[in-house]
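The values are calculated or read from the model by the stated rules, or taken from the named source; none is laboratory data. Note that the structure is a prediction, hence the values are computed from the model and not measured. Note: ideal-geometry Cβ built from the backbone for every residue, glycine included; neighbour counts use all protein chains shown.
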Amino acid sequence: SEKLKPFWLSLEAEQLPVLDQLSERLLGEDTFEYERALDRALKIKECRVVPFFGAFLRQLDAILTKSASLVVLAENGQEVQFISDYCGEDGFLTRIGPGGLINMAKLYEAHQIIHRISMFHEHYAIQDQQLQQHQKNTNNIVIVESYNNEYDSFLGEELEDYQPVEPLRYDHGVTLLPLPAGAPDLSLHMLQILHHGATVVHWDIESGRSSIVYLKLERCNGTLTWCKPSWSGLKATHSSSQPDFSLSVNPEDVVSPGLLLKYQMSPELTGGTIDEGFLQISCLKEVESGFRDFNISPLIR
């Protein structure tokens with residue numbers, strides 16, 4: 001694609017810490033951090049876990065190639081003495097001796113890897129079953145009437161051990177909203193997505209202006225912040241000789257400009273511009289899915 005050509009040409013001359021970190025964790029010799037991330041993902045029941053199976057294949061290859069076969073062979077210089085030599089009616093020769101003893105240590109190590117893979121399939125099966133059951137039991141009237149009572153009953157219980165798959169850079173652990181374990185309609189997977197942020201279209205209804213921004217929910221769960229993303233829309237209309245993106249910048253490594261603006265304008269509930277600002281959750285009146293009366297095609301073209 002011609003739109004992606006500037007991106008690929010910039011890979012050779014620019015340091016890419018995000019891609020380098022991803023390659024190191026998936027293809028490096030030490031996969032300890034990656035294994036811990038998978039464990040955290042399996043603990044979040046709503047999270048769809050799709051692991052990098054190349055790591056498992058590399059581990060199986062290392063186990064199966066460190067010895068010549070799955071049987072225990074006699075050491076060099078020792079004579080192999082067969083206990084029996086039986087030729088079946090089909091002409092196959094069966095030998096029972098030192099070379100026929102199975103290497104249980106190698107099989108056990110391989111079984112550990114296979115069992116690890118099966119955990120992801122079981123996680124998906126349980127998640128799919130719960131989703132189907134939820135769709136069958138969905139009743140808007142029942143949810144609205146029972147939500148408050150159910151949620152109040154969970155407030156006195158133990159708080160949820162919230163550990164995102166990818167740890168947050170600035171995780172102070174202080175939240176304005178409790179995360180009780182087992183609370184209804186509490187999706188820790190959706191919460192971690194909001195904490196890490198996403199690229200969205202910020203549209204101002206009054207002025208009709210729109211902008212692509214990086215939006216995220218701060219760790220306190222009480223403030224939304226947005227800023228200009230470090231990546232580019234890769235628009236064909238961009239004619240400058242300098243690229244309008246920076247692949248060496250990770251927006252999660254720095255404090256959001258919108259959050260800094262919040263403390264400068266305290267105690268305001270909202271502030272900033274369409275490209276950079278903040279919004280206190282307490283002043284939200286309505287949240288809708290999708291958009292209305294807005295032609296998004298010219299913006300994303």
*asked:* Taking the conditions exactly as written (at pLDDT below 85 and assigned to a helix (DSSP H, G or I)), does I113 satisfy them or not?
replied: no
*Which of (1) at pLDDT 60 or above; (2) aromatic (F, W, Y); (3) surrounded by 12 or more Cβ atoms within 10 Å (Cβ to Cβ) does Y108 not meet, given it meets every other one?*
(3)
*asked:* Looking only at the stretch 196-227, count every residue that is within 16 Å of V255 (Cα to Cα) and of a type in the set (D, E, K, R) and tell me the total.
replied: 3
*For the stretch 191-214, indicate whether the set of residues that are over 20 Å from the mean Cα position of the chain (by Cα) and either modelled with pLDDT under 75 or under 30 Å from L42 (Cα atoms) (or both) is non-empty.*
no
*asked:* Being among the hydrophobic types (A, V, I, L, M, F, W, C) and at pLDDT 70 or above: is that true of L159 here?
replied: no
*Answer yes or no: is there a residue in the stretch 176-187 that is over 25 Å from S282 (Cβ atoms), in a loop (DSSP other than H, G, I, E, B), at pLDDT 60 or above and touching a Cys at 6+ places or on another chain (Cβ under 9 Å).*
no
*asked:* Condition first: charged (D, E, K, R), modelled with pLDDT under 85 and either exposed (fewer than 13 other Cβ atoms within 10 Å of the Cβ) or out of contact with any His (no Cβ under 7 Å at 6 or more places or on another chain) (or both). Can you find one or more residues in the stretch 224-241 that meet it?
replied: yes
